[in-house]
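Here the structure comes first, spelled out in C-alpha cells, and everything after it is commentary.
Read-outs throughout are calculated quantities, based only on the coordinates presented, and are distinct from any laboratory measurement. Since the model is a prediction, treat every value here as computed from it, not as a measurement. Please note: Cβ atoms are built from the backbone with ideal geometry, for glycine as well, and neighbour counts cover all protein chains shown.
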Amino acid sequence: MLSAKRSVYEGTLRDLSLEDINTTLSLRNMVETERMVYQYQRQYSEKDLSQILLLKQRWMIIQLLTAEEMLAT
C-alpha cells in the first residue's frame with residue numbers, strides 16, 4: 001500500500017500491480033464518497049443522492065479500467 005501511494009505521487013504506474021491500484025483507488029473513493037454523502041445529504045432528496053452515488057460508482061469503474069489499460073501498455 002505504501003509503495004502504491006509513493007508511486008502514485010511520483011506520477012508513475014509502471015511499478016504498481018493492479019491490486020495496488022485497485023486498493024488505492026477504492027480507499028480514496030470510499031473516503032470521497034463518505035465525505036460527499038455527508039456534505040450533500042441535506043441538499044438533495046434520497047432519490048437524487050442514490051443517483052449521485054451510482055454515477056460515483058461508474059466513475060470508479062472508469063478509473064480502474066483506465067489504470068488497467070495504462071498497465072497493459
Checklist entry - Spin-label point model (7 Å from Cα, Cβ direction): what's the ARG35 to MET70 distance in nm? => result 1.9
Checklist entry - Taking 0.36 nm per intervening residue step and subtracting the Cα-Cα distance, what contour gain separates GLU46 from ILE62 on full extension? => result 3.3 nm
Checklist outcome for this item: Expected vector for the stretch 58-73, Karplus 3J(HN,Hα) from phi with 6.51, -1.76, 1.60 and θ = phi - 60°, integer Hz, x for Gly and Pro, equals 4, 4, 5, 4, 4, 4, 5, 5, 5, 4, 4, 4, 5, 6, 6, 8
Next on the checklist: Just to check I understand the Karplus step: with θ = phi - 60° and J = 6.51 cos²θ - 1.76 cosθ + 1.60, what whole-Hz values come out for the stretch 31-40, glycine and proline as x?
Outcome noted: 5, 5, 5, 4, 5, 5, 4, 4, 5, 9
